[in-house]
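Worksheet: one structure, shown below.
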C-alpha cells in the first residue's frame, strides 16, 4: 500500500547543533530506500520532509518512521495517510 507521510516539527531546534542527528537521519532514510519501503522523498517549500512509502498499512509506516533519529529525539513526527487509487477516470467510460 502506498503511504504519504508529511513531517511536522514538534519543537524548535538549532539545526547547527543537530548536524550529527541529520547525518544519522540521512543514513536511516537511505536504509529505508534500500529496504524498498521508502520510494520517494522530498522537501516541501517550507522544508518539511514529504515521503512516499510502500508499507502493509499505516501502522507499519508509523513503526518505520518512529525509528528515524529525529523522531526518536522527539523533534519531528509525521502525518500519515493511505493513498487510494484514483477512480475518477472510470467516469469516462460512462460518457454519453
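Rule-based calculations on the coordinates, nothing more; no lab input. This structure is a prediction, so every number in the text was calculated from the model and none was measured. A quick note on method: Cβ atoms are made from the backbone with ideal geometry, for glycine too, and the neighbour counts reach across all protein chains shown.
Helix 19-35 against the longest principal axis of the chain: what's the angle in degrees, Cα atoms only, rounded to the nearest 10?
Once rounded, the angle reads 40 degrees.
By counting other Cβ atoms within 10 Å of each Cβ, how are 70, 65 ranked from fewest to most?
On the way: 70 21, 65 25.
Least crowded to most crowded, the residues run 70, 65.
Rounded, prolate or oblate: which one fits the stretch 23-75, using the alpha carbon gyration tensor with axes a ≥ b ≥ c (rounded when a/c is under 1.5, else prolate when a/b beats b/c, else oblate)?
Values: a/c = 1.35, a/b = 1.18, b/c = 1.14.
Because its axes are fairly even, with a/c under 1.5, the stretch 23-75 counts as rounded.
Expressed as a fraction of 2.2 N^0.38 Å, the rule-of-thumb size for a compact globular protein of N residues, what is the C-alpha radius of gyration of the chain? Don't skip to the end; give the middle numbers.
Details: Rg = 16.3 Å, N = 96, 2.2 N^0.38 = 12.5 Å.
After normalising by residue count via 2.2 N^0.38 Å, the value is 1.31.
Taking 0.36 nm per residue of sequence separation and subtracting the Cα-Cα distance, how much length would be gained by fully extending the chain between residue 72 and residue 29, in nm to one decimal? Walk me through the intermediate numbers first.
Values: separation 43, 0.36 × 43 = 15.48 nm, distance 1.38 nm.
Full extension from residue 72 to residue 29 adds 14.1 nm.
What is the calculated FRET efficiency for residue 56 to residue 10, with r their C-beta to C-beta distance and R₀ = 30 Å, to the nearest 0.05? Could the numbers behind the result be given before it?
Working: r = 26 Å, r/R0 = 0.86.
Efficiency at R0 = 30 Å is approximately 0.70.
For the stretch 2-85, what is the relative contact order in percent, using Cα pairs closer than 8 Å and at least 6 residues apart in sequence?
Values: 120 pairs, mean separation 42.3, N = 84.
The normalised contact order for the stretch 2-85 reaches 50 percent.
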